[in-house]
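First comes the structure, then the notes that go with it.
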Number of protein chains: 2
Amino acid sequence: MNGAQALLRTMAGSGVEVCFSNPGTSEMHFVAGLDAVPELRGVLCLFEGVATGAADGYGRMAGRPAATLLHLGPGLANGLANLHNARRARTPLLNVIGDHALSHKRFDAPLESDIDSLARTVSGWVRRTARSADVAADAAEGVAAALGPPGGVATLILPADVSWSDGAEPVPRVPLRPPSVVPEPVIEDAAGALRGGRGDGAHPAGGGRGDGAHAAGGACVILLGGAALRRPGLEAASRIAAATGARLLCETFPARLERGAGLPGLERLAYLAEFAQSQLAGTTRLILAGARAPVSFFAYPGLPSSLVPDGCQVHTLAAPGEDACGALAALAERVAPGARPQVQPAERPALPGGELTAQTAAAVIGALLPEGAIVSDEANTSGLSLPAATAGAPPHDWLTLTGGAIGQGLPVATGAAVACPDRSVLALGSDGSAMYTIQALWTQAREELDVTTVIFSNRRYAILDLELQRVGAVADGDMARSLLDLSRPDLDFTALARGMGVPAARAASAGEFAGELRRALAEPGPHLIEAVLGQPG
Amino acid sequence: MNGAQALLRTMAGSGVEVCFSNPGTSEMHFVAGLDAVPELRGVLCLFEGVATGAADGYGRMAGRPAATLLHLGPGLANGLANLHNARRARTPLLNVIGDHALSHKRFDAPLESDIDSLARTVSGWVRRTARSADVAADAAEGVAAALGPPGGVATLILPADVSWSDGAEPVPRVPLRPPSVVPEPVIEDAAGALRGGRGDGAHPAGGGRGDGAHAAGGACVILLGGAALRRPGLEAASRIAAATGARLLCETFPARLERGAGLPGLERLAYLAEFAQSQLAGTTRLILAGARAPVSFFAYPGLPSSLVPDGCQVHTLAAPGEDACGALAALAERVAPGARPQVQPAERPALPGGELTAQTAAAVIGALLPEGAIVSDEANTSGLSLPAATAGAPPHDWLTLTGGAIGQGLPVATGAAVACPDRSVLALGSDGSAMYTIQALWTQAREELDVTTVIFSNRRYAILDLELQRVGAVADGDMARSLLDLSRPDLDFTALARGMGVPAARAASAGEFAGELRRALAEPGPHLIEAVLGQPG
């Protein structure tokens, strides 16, 4: 069979069920081959950033590898920003990037570009298949690399002649490798930190291992991230906290956080470094479980980049790719054998009336969030009240902007809905960031996905108003201000949604928003609500 | 002054008047500095691919350097596809890419990525400024590199602390260098080729210089590209053709082609290699004037990549960066001293009635195209009838998809309109490609640009129907077909346009299309017409 057919069968055999696609000429044999492999479903996206973001959302939720099909260097380039987010999320994701036939490359045809260099900026694994006979093995290895450990984005570059030439055969999947087990001395080191002492593995903030000052006493924080944010990790961590008095924090931008009533509640480390510093003030031992040592999102004149307090000892219980849940369970067994997790009680805010603000909108969402919902959160400044308002809602998953490349929220929601057709998906966007990948709505309509998109519309890049002050810049003239302003003309997201086949409504009061949200959540298929925010009084 | 202020003053002093911008936190000092430099206007774009495409359109038309302001690696990534097109167009364009402060980079904050590698894939010049004191000189060099020769995309990476730190001063512009003059022996070589012999500089198709078989007799073709497609180059080439019998062809995807009544008419080399081969059949001497030797856009099984006929001698009169117009003038002086250019007579098609097809739509455009119009052509398969239908329209400029990365047409039109506020701009898009950078409409509305966008809507990636056959793939199943199909749901471009503040109408017959186009061209400001094409009968 030809290379494309062997590739498709190998991908399917390796557990790939969906390929988010935006194909071109060099991918036509791959597309043509799909009909013969019904286990593998192509989902068309109208822009590559939608395809890669959807693959990220799919991979975070599906428990199986995500995949994309993209067209040459420019197609990969259009998808890179959301692959950057997927890289930070460590989402298991295989890109298949079509390229010119090998013999064509020396002619520097118009679409020729350096795909390999682009791919390396986001991929832990890059392979350019040279012969049809190799493509199946390369694909199986690519899926294995995506699944890890540590896992992440893998990219297979597929010349057109590899696709169309015969002589290929599918290969079986590469056996899954479990995450690395955390060794006993590391567990003991964390246990020592919890007991107030300094274990052997401790290292001072920002430096190497073992040379810092002894830091007995003071406060201990466990910073959870990655796989530790699923129920087993959260429950183990909560037991540890209950028994030892350690405080739990969640990394600032989790790929997937399980939360809600009946789960241990968890404060997230703040995006704004000033707030994060006060959350961590007084911490003398910081235990990392699947999270990295906290750093400021941006640099600011005169402020430190590391958020680890001076003199605080950092203990890495589980690095990315290690079995953070297993390590937390082992640690709980040692320091909290009888303790029980402290879980969030079921409670919802009352449905508010009056003006629609970021605060009342959050209360409406907290009041109505369905059980098992998946929330894709790119609400940015409009989302600051959401964590508190939804903390006691029925159990749900919260997916965030892991890499800071905006334009992630709508595509991630799209992919999560493909992965979990029985669950309600809520995409929380804001007017600025939603415009980067607004084409996601069309795929939601085509695939009849149960996604409710809320666009918080404040007619500003409001985050930049804030950042302008924080970096110490003064912009009081018209030209500078116009670059942060999304009015002139106002965007009409209901028209944009209807233009892509998604029913839409606008809400300008808390009551209207509640009515529209209730209706959208009750009806199957995609909906969009433009939440026009007033300024809080 | 701080680095951002010195950078802005240096850019303005070097001839930059407009910066197409999509800023973030690391660019706040640049944004804040704009108000103090009124010679430099920031134009906000809601997606980076719009900013880079607009800069490309601006740079093709303005006769001065274009500029962008983008946010870190993901911002550059989102703009790369249109920078790829700009690279192929050799547009003079300076990107300013904000980055984290130097001291912040080692912390691998969420937005950290390999900007330098991304930039190198599209830029002939890349500089990472290390100190505020250097930024002005770096910017002046960057503008000079963009202007060339040979010119093209230049990228300046600007760490946030370089922007915010003091100690910078603006520097004057780097003096312009003229394009390289083509030496006398090369002119003589081309003259020899025109006389039917083989000059010293000839080289056989696909090989090195000078070793091919002698190829006297047969047909001579002059392939024009780049700067040779402006009036002086066209007139010189036309005189040569009139005197020698050589045939003129235009490169397949010109960055900017001057055409219409009173200008020498010029057939473009076809996109489809089969057609291009028949255009070039029998050619024994091919003279390149600002164009590259023709190659197939994609590879196809069993077909050659080079479109130069076997045994044809290739003579490079002017390579990119060389003075193609001067070389053509010198050549005309030698071989055609008394000849006059043959120009296209003024003629327009009659306004058609009946069904709206690609053919009748082209006739309507030919009938109504205003004098001095700028056409940004990304109509793809719907545009095949346009060249003939508009050949005798009043003089106009034609801008095409130079690099094959779709999503160029609307942004390029946007930038061309900023560059030429007194000219009417016509963006010809198709439903598939328009969706990549549809956000361009908002910038057209904000800047009140006189752009009429026509979306040819056939509900297909029609080019891929064709390409599927050409690569020899068979896709007769539902899954493969669904990946080429833009219906389910139909896109409503009038709703999308209104959602971004652009008045819009739909036309489903040739008469409706003529009425809407006439109205849109007569009214100032942006308009969109969705031309719903029937299948030709």
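General observations
- Pick from the range A:407-421, criterion open to solvent by 10 Å² or more (accessible area, probe 1.4 Å) and among the aliphatic types (A, V, I, L, M), ranking: nearest to residue A:452 (Cα to Cα): A:418
- Of all the listed residues (B:476, B:485, B:492, B:431), the sole one being open to solvent by less than 30 Å² (accessible area, probe 1.4 Å), more than 22 Å from the chain's Cα centre (by Cα) and at negative phi is B:485.
- Tally, over the range B:39-60, of residues that are surrounded by fewer than 24 Cβ atoms within 10 Å (Cβ to Cβ) and either at pLDDT below 95 or of a type in the set (Lys, Arg) (or both): 1
- Considering the range A:85-190, the qualifying helices (runs of 4 or more DSSP H), each wholly inside and each with 1 or more residues that are small (Gly, Ala, Ser) and at the interface with chain B (Cβ under 9 Å from one of its Cβ atoms), run over A:115-120, A:160-164.
- Of the listed requirements (1) open to solvent by less than 50 Å² (accessible area, probe 1.4 Å); (2) in contact (Cβ under 8 Å) with a residue 12 or more places away in the chain; (3) not basic (Lys, Arg), residue B:343 misses just one: (1).
- Checking residue B:63 against (1) surrounded by fewer than 24 Cβ atoms within 10 Å (Cβ to Cβ); (2) more than 25 Å from residue B:169 (Cα to Cα); (3) modelled with pLDDT of 95 or more, the condition it does not meet: (3)
- Evaluating residue B:459 against the criteria (1) within 14 Å of chain A (Cβ to nearest Cβ); (2) within 18 Å of the chain's Cα centre (by Cα) leaves one unmet condition, (2).
- Residue B:266 closer than 30 Å to residue B:421 by Cα and in contact with a Leu (Cβ under 6 Å, 6 or more places away or on another chain): yes
- Members of the range A:438-448 found to be of a type outside the set (Lys, Arg) and open to solvent by 10 Å² or more (accessible area, probe 1.4 Å), listed by number: A:445, A:447, A:448
- You will find that of A:59, A:33, the residue that is within 10 Å of chain B (Cβ to nearest Cβ) and not in a strand (DSSP E or B) is A:33 and no other.
- Boolean, residue A:321 is farther than 30 Å from residue B:165 by Cβ and modelled with pLDDT under 95: yes
- Looking only at the range B:289-327, and only at residues there that are within 14 Å of chain A (Cβ to nearest Cβ) and not in a loop (DSSP other than H, G, I, E, B), the one that is nearest to residue B:257 (Cα to Cα): B:295
- Filter pass, residue B:311 being more than 30 Å from residue B:468 (Cα to Cα), surrounded by fewer than 19 Cβ atoms within 10 Å (Cβ to Cβ) and of a type outside the set (Val, Ile, Thr): yes
- The sole residue among A:68, A:10 that is β-branched (Val, Ile, Thr) and assigned to a strand (DSSP E or B) is A:68.
- Every pair of residues 6+ apart whose Cβ atoms lie under 7 Å, when the first sits in the range A:226-238 and is farther than 14 Å from residue A:288 by Cα while the second is among the charged types (D, E, K, R): A:230/A:258; A:231/A:258
- The criterion of at least 2 residues that are closer than 29 Å to residue B:528 by Cα is met by the following helices (runs of 4 or more DSSP H) wholly inside the range A:451-537: A:478-482, A:493-499.
- Considering residues of the range B:499-530 that are touching a helix residue (DSSP H, G or I) at 6+ places or on another chain (Cβ under 7 Å) and among the basic types (Lys, Arg) only, the residue most open to solvent (accessible area, probe 1.4 Å): B:518
- Sole residue being within 12 Å of chain A (Cβ to nearest Cβ), within 30 Å of residue B:301 (Cβ to Cβ) and in contact (Cβ under 8 Å) with a residue 60 or more places away in the chain, chosen from B:491, B:466, B:486, B:441: B:466
The values are calculated or read from the model by the stated rules, or taken from the named source; none is laboratory data. Quick caveat, the model's predicted, so the values are computed rather than measured. So basically every Cβ, Gly included, is an ideal-geometry build from the backbone, and we count neighbours across all protein chains shown. SASA here: full protein model, heavy atoms, side chains in, ligands and nucleic acids out. Shrake-Rupley method; radii C 1.70, N 1.55, O 1.52, S 1.80 Å.
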